[in-house]
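Everything on this sheet refers to the single structure shown next.
Each value in this text was obtained by applying a stated rule to the coordinates, not by laboratory testing. Computed from a prediction, not measured in an experiment: that's the story for all the values here. Virtual Cβ from ideal backbone geometry, glycine too; neighbours counted across all protein chains shown.
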């Protein structure tokens with residue numbers, strides 16, 4: 001080999017390594033920008049609302065006096081609405097995703113459905129609110145209730161859950177499916193024994209992205225008629241008399257955290273801004289807690305997968 | 001999967017069962033919705049009322065705007081509608097069509113306040129004509145500088161901030177200034193959230209905006225109110241006294257609650273309305289509104305007792321009504 005060529009190759013390698021470093025730094029800057037935005041927001045809310053983060057803040061109803069106002073009805077409302085959303089959206093979304101990936105014939109009808117589901121994810125949330133107002137509130141007579149809000153948000157995140165489910169299923173190596181079929185398993189057996197367990201991690205990620213979007217939604221919830229002042233709680237789901245479980249809370253009027261925050265930011269009295277910041281902090285914390293739960297679930301499930 | 005199927009079935013059953021139970025559960029709830037302007041008073045009353053009733057009666061208050069509130073009211077979905085202007089003809093027709101009759105109860109006065117940046121040195125007062133020149137629909141895209149409104153003012157750009165089109169504040173301001181309800185230029189920063197308007201005017205020397213008095217009262221350090229020339233030629237600044245003595249015209253306005261006649265048959269609604277009339281004055285003052293004289297509230301109670309239904313405004317959005325005129329008119333119902 002000629003010495004000149006060797007030096008040329010060395011230069012080439014050096015150049016590529018430089019690019020490597022440049023891209024590494026670029027990526028780091030991008031990450032830092034994203035993180036800094038979040039941290040600034042988070043710290044700012046914490047500083048503004050720190051004084052309001054007392055136990056009473058969680059156990060008090062809204063009030064015209066900023067010092068006495070709390071988020072009791074809001075955080076309970078948000079929790080219950082998210083519960084309904086998850087119970088409805090997860091089974092529906094996962095089942096639809098599995099059908100599209102495993103059962104649906106590959107023809108133009110399926111393609112149209114697929115394209116439309118992806119497009120649905122981009123529909124403004126207020127449109128879902130209007131749909132829900134006509135359909136759930138009036139047509140089904142569910143009224144302005146927790147059930148209506150939960151169903152509305154479920155519709156909103158359904159496309160996200162479906163798309164995530166499909167992506168998770170696609171990530172499973174084809175060999176596993178083929179091996180199962182080769183042993184004579186039916187489609188349902190393959191789905192139940194392999195597809196679902198292996199894709200749960202990816203599905204959970206999708207569910208979390210969806211739920212995180214839903215928990216911060218204000219527009220569709222206002223449209224279906226969430227209230228601003230509500231100083232009582234929905235009926236308890238657990239009763240002392242037979243049958244011990246009550247679903248009356250589903251039909252109860254409610255408010256949610258984003259609406260409470262919105263209301264406080266629009267108050268004339270500036271003291272309410274601290275309440276809004278504190279409530280915003282709690283809302284972010286609730287989202288984080290939800291994410292934490294999903295990560296924990298995912299880790300537990302991954303442990304059992306052996307490929 | 002099996003457990004998920006089960007959950008779905010349970011949910012479906014639950015929805016079915018509770019749909020029937022829902023009507024029952026709401027029997028003890030007083031439902032209120034409507035104007036964001038009236039909201040602070042109603043919220044204060046609701047809060048105290050629930051405490052005094054030891055939470056045996058539940059009250060919910062929503063904010064859908066005056067127009068949105070009347071829509072729900074005339075569909076019979078709520079018991080009481082908060083309104084920052086009298087009921088309009090269209091809304092009266094909707095209510096009549098649905099067989100809904102109502103009591104009209106004025107609860108307080110508000111002073112719509114025109115505000116400018118405190119650093120603004122040239123505006124000492126404004127006439128209704130000047131405000132009209134600035135806000136009428138034909139001004140859109142044309143009247144963009146202060147000297148176009150008044151030649152004595154500097155050649156500086158105008159930045160406008162005002163109420164969103166769904167609010168009673170917007171309806172009233174346009175009626176009082178432009179002369180026709182809902183008739184306004186569209187090229188301004190509109191928001192239902194008055195704090196957005198406060199922020200906007202605070203940050204721009206050339207800004208002008210309008211909103212309810214309470215927002216000005218909480219931000220007197222950051223904003224300056226503009227005295228508006230009344231029909232008698234005096235420039236009057238918005239204040240509690242000037243609303244009470246009737247000199248702040250035409251931007252002072254009565255605000256109301258409308259009570260569904262059928263709802264009023266229910267004892268919990270009766271109790272709530274009685275409580276509202278008894279403590280309305282105190283609560284209004286607390287949240288920076290102008291309370292009505294005592295006889296206005298007793299007059300309201302008298303109307304309720306004698307079953308005097310309907311409105312004294314005939315579906316027309318009138319402007320410049322003073323407290324005295326309002327009382328005279330309500331007394332004739």
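Below are the figures for this structure:
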{"item": "CD proxy at 222 nm, helix term only [per DSSP H run n ≥ 4: -39500 (n - 2.57); per residue of chain B; nearest 500]", "result": "-13000 deg cm²/dmol"}
{"item": "Angle in degrees between helix B:168-177 and the longest Cα principal axis of chain B, rounded to the nearest 10", "result": "30"}
{"item": "Helical contribution to [θ] at 222 nm, DSSP H n ≥ 4, -39,500 (n - 2.57), averaged over chain A, rounded to 500", "result": "-22500 deg cm²/dmol"}
{"item": "Exposure proxy ranking, count of Cβ atoms within 10 Å, fewest first, for B:160, A:293, B:333, A:153", "result": "A:293, B:333, B:160, A:153"}
{"item": "Using a Förster distance of 45 Å, the FRET efficiency for residue B:329-residue B:199 (Cβ separation, nearest 0.05)", "result": "0.75"}
{"item": "Helix axis angle, A:146-170 relative to chain A longest principal axis, alpha carbon, degrees", "result": "10"}
{"item": "FRET efficiency for residue A:15 and residue B:156, using Cβ-Cβ distance with R0 set to 51 Å, rounded to 0.05", "result": "0.35"}
{"item": "Cα-derived Rg to Rh of chain B, Kirkwood definition", "result": "1.04"}
{"item": "Net length gained if the chain between residue A:271 and residue A:22 were fully extended (0.36 nm per residue, minus Cα distance)", "result": "84.9 nm"}
{"item": "Rounded tilt (10° steps) of B:323-332 against the dominant C-alpha axis of chain B", "result": "40"}
{"item": "Exposure proxy ranking, count of Cβ atoms within 10 Å, fewest first, for A:19, A:188, A:249", "result": "A:19, A:188, A:249"}
{"item": "Label-point gap, in nm, between residue A:8 and residue A:126 - each point 7 angstrom along Cα→Cβ", "result": "6.3"}
{"item": "Ranking of A:66, A:73 by count of other Cβ atoms within 10 Å, fewest first", "result": "A:66, A:73"}
{"item": "Computed FRET value (nearest 0.05) for residue A:291 with residue A:59, which takes r as the C-beta separation and R₀ as 25 Å", "result": "0.50"}
{"item": "Label-zone membership for the stretch B:238-258, site residue B:220, 7 angstrom Cα→C-beta point, backbone N under 13 Å", "result": "B:238-242"}
